[in-house]
Amino acid sequence: MMLVVAQGPVIPQFERASSCVRENKQFCFDWVVDNFGRVFAPRLVEHIELTLLAVGIGFVFAFGAALLAYSLDWFETPFAIFAAFLYTIPSLAFFQLMVPITGLSRTSAEIALVSYTILILFRNTLTGLREVPEDARMAARAMGLTKGQILRRVELPLALPAIMAGIRIATVTTISLATVAAFIGVGGLGQPIFNAIQSGFKTQFVAAGILAVGLALVADALLVFLQRLLAPWLRAERA
Amino acid sequence: MNSSESAQAPGPLAIDPHQTGDDSESTGVSRAAAELAFHGATKVYAGRRTPAVSELTLEVAAGEICVLIGPSGSGKTTAMQMVNRLIPMTSGEITIDGSDTKSLDETELRRGIGYVFQQIGLFPHMTTEDNIATVPRLLGWSKDRIRARARELLELVGLDPDEDLRRYPGEFSGGQRQRIGVARAMAADQPLMLMDEPFGALDPITRDRLQDDFLRLHEELPKTVVFVTHDIDEAIKMGHRIAILRDGELVQYDTPDRILAEPANEFVADFVGADRGLKRLRVWRLGDLELDPAPGDGTAGLTAREDMSLRDALSIMLVEGKERLTVLDAEDRPKGAIALDDITRLIGPQSRTVQT
């Protein structure tokens with residue numbers, strides 16, 4: 001490693017670069033601006049795709065499992081253990097483990113990413129459903145709502161804040177983990193980071209990191225906004 | 001307005017039969033007020049040897065408020081919840097307008113019965129309007145009809161439709177929430193209402209006001225009501241008839257006045273309290289008595305309106321140290337007079353009871 005660094009960074013278009021780039025300073029804003037469309041934009045789009053797909057598929061699985069556990073008590077413990085097991089696998093190992101099975105593909109990356117979302121989404125959905133006030137459930141039953149109607153009209157809406165909290169954590173976690181997915185060559189913001197680690201070009205490394213953090217913050221803010229739209233009663237109560 | 005008048009001349013909320021045709025079919029329960037009857041209704045909980053409710057047989061006439069009362073564990077709530085099958089009966093039969101509650105689908109049965117309980121159970125994620133609209137929507141009412149109904153009901157329970165329909169339950173006080181709870185239970189014009197200690201969690205002043213308002217509302221819309229409470233004063237105030245339960249058995253079923261005047265046994269006498277004589281005075285209004293002729297000097301002495309309770313009248317006479325009191329009608333014209341002796345005779349050994 002020391003040797004690699006000693007050889008000096010492999011910086012793209014080194015001859016034509018600014019002094020900041022030539023001296024490989026911590027962060028060269030002009031380089032990022034000049035190269036954003038080429039180096040970062042496609043990776044950012046890939047990163048968003050990886051995340052959306054992972055959280056989307058993870059939510060479908062976890063939601064289904066939570067509904068099942070809500071009506072069948074015995075299902076909760078085995079599924080929770082399974083989800084916790086997936087969650088504990090080190091991410092780098094998980095991606096590498098999938099390669100012999102599904103290759104250096106997006107599928108491999110998604111299987112690992114989805115696995116990490118399931119524990120949180122499952123737990124939060126189930127807790128949300130269980131914490132629906134008993135009096136609301138009782139009133140619904142006494143008014144002649146069927147089980148399905150109680151679930152759709154009362155329990156799920158009231159579990160929404162807990163479900164949304166789960167989606168927020170899962171999204172931010174996935175955005176962070178998806179940078180590691182570049183290890184098996186599926187792109188995303190991890191790609192420029194890995195490249196920069198190899199080349200030693202600091203600006204690219206820092207810029208990709210900032211973008212990943214920024215993406216996580218923006219995604220979280222959007223989800224908070226979405227929750228406000230979907231759960232207007234929470235604001236009314238606080239007022 | 002008495003109940004026979006209101007049956008002929010519908011109040012603003014009585015829905016005309018042409019409009020409700022579809023709905024009465026879908027709920028399977030007729031509109032107006034329903035007649036409710038328990039026939040040997042029994043509930044034995046799994047793992048218990050003694051029944052929670054044992055062979056309960058009683059009838060509630062259409063438009064009457066029947067109060068179920070007893071100490072905790074007496075089976076009053078169980079008895080009530082067997083009506084809409086929140087608790088399944090072990091044996092016996094409950095009929096609404098003559099038809100067996102078991103002949104209906106559980107959810108259909110419940111949609112035709114209003115339900116109010118102490119915890120209120122408003123849906124916190126729904127506006128007042130959506131809460132009230134719950135059952136009408138299940139019954140497939142049109143949007144316009146639901147909106148009009150919600151407005152009417154909210155006004156009837158003393159809230160402001162313009163402001164309050166769009167608000168969420170979290171924005172209201174306990175008393176206001178229970179008003180909405182009552183409105184929701186009447187939304188589909190259910191002919192029968194079950195009320196499980198509906199005012200039990202409210203402070204005394206709010207409770208008193210809601211009791212008064214509910215009685216006024218009931219006069220306007222005489223539904224059949226089963227009302228569970230453990231508070232004897234509430235039972236006397238709210239009930240046309242009171243069923244006293246003990247260990248799942250019906251001990252006495254009678255008008256408040258008769259229960260106070262002639263408790264069936266020592267348990268009832270204890271339960272209604274040693275001050276039952278004074279409690280009776282609250283049941284009687286001055287206008288219920290045969291009055292002596294009004295005195296010549298008109299309203300010169302002590303006076304009181306005819307709708308005053310005997311209890312209050314007695315208190316005034318004792319406080320003022322007067323033996324006679326002139327009774328005035330609603331327009332403050334002298335109607336007659338009573339003497340302190342009349343009151344003591346009334347609750348004394350040779351008492352008679354109010355006919356209600």
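Read-outs: derived from the displayed coordinates by stated rules, not from any lab. Keep in mind the model is a prediction, meaning the values are calculated, not measured. Positions of Cβ are backbone-derived with ideal geometry, glycine not excepted, and every protein chain shown enters the neighbour counts.
Taking 0.36 nm per residue of separation and subtracting the Cα-Cα distance, full extension of the segment from residue B:216 to residue B:148 would add 22.4 nm. In this calculation the C-beta distance from residue A:20 to residue A:82 is compared with R0 = 51 Å, giving a FRET efficiency of 0.55. Placing unit charges on the Cβ atoms of the charged side chains and taking the dipole of the stretch B:284-347 about its Cα centre, the candidate lying farthest along the positive direction among B:318, B:328, B:296 is B:318. The helix-based estimate of mean residue ellipticity at 222 nm for chain B, built from -39,500 (n - 2.57) per DSSP H run of four or more residues and divided by its residue count, is -10500 deg cm²/dmol to the nearest 500. Can you tell me the 0 to 90 degree angle between the C-alpha axis of helix A:73-88 and the longest principal axis of chain A, rounded to 10? Around 10 degrees separate the two axes. Note on the protein assembly as shown: antiparallel DSSP beta bridges, both residues inside, total approximately 50 percent of the bridges counted. The orientation-averaged shadow of the Cα convex hull for chain B, equal to a quarter of the hull surface, comes to 20.2 nm². With respect to chain A, whose longest principal axis is taken over its alpha-carbon atoms, helix A:202-230 is tilted by about 20°.
Could you state the number of Å between the C-alpha centres of the stretch A:172-224 and the stretch B:241-255? Using only Cα atoms, the two centres lie 74 Å from each other.
Each peptide among B:249-261, B:323-335, A:123-135 gets the average number of other Cβ atoms lying within 10 Å of its residues, and from highest to lowest they stand as B:249-261, A:123-135, B:323-335. Annotation: the protein assembly as shown has a Kirkwood hydrodynamic radius of 29.6 angstrom, from the mean reciprocal C-alpha pair distance. By the Stokes-Einstein formula, at 0.890 mPa s and 25 °C, the stretch A:99-141 with its Kirkwood radius over alpha-carbon pairs has D equal to 188 µm²/s. Between residue B:203 and residue A:92, how high is the FRET efficiency from 1/(1 + (r/R0)^6) when r is the Cβ-Cβ distance and R₀ = 56 Å? Nearest 0.05. According to the calculation, E is roughly 0.35. Checking Cβ-Cβ separations below 4.7 Å across the protein assembly as shown identifies B:66 as cysteines lacking any candidate disulfide partner.
Rounded to the nearest 0.05, the FRET efficiency derived from the C-beta distance between residue A:134 and residue B:166 at R0 = 30 Å is 0.65. When each of the peptides B:116-128, B:80-92, B:272-284, B:98-110 is scored by the mean number of other C-beta atoms lying within 10 Å of its residues, the order from highest to lowest reads B:116-128, B:80-92, B:272-284, B:98-110. Compared with the dominant Cα axis of chain B, that is its longest principal axis, helix B:143-156 is turned about 20°.
Partner aspartates and glutamates whose Cα lies under 18 Å from the Cα of residue A:147, excluding those fewer than 8 positions away in the same chain, are identified as A:73, A:131, A:134, A:135, A:155, B:105, B:106, B:108.
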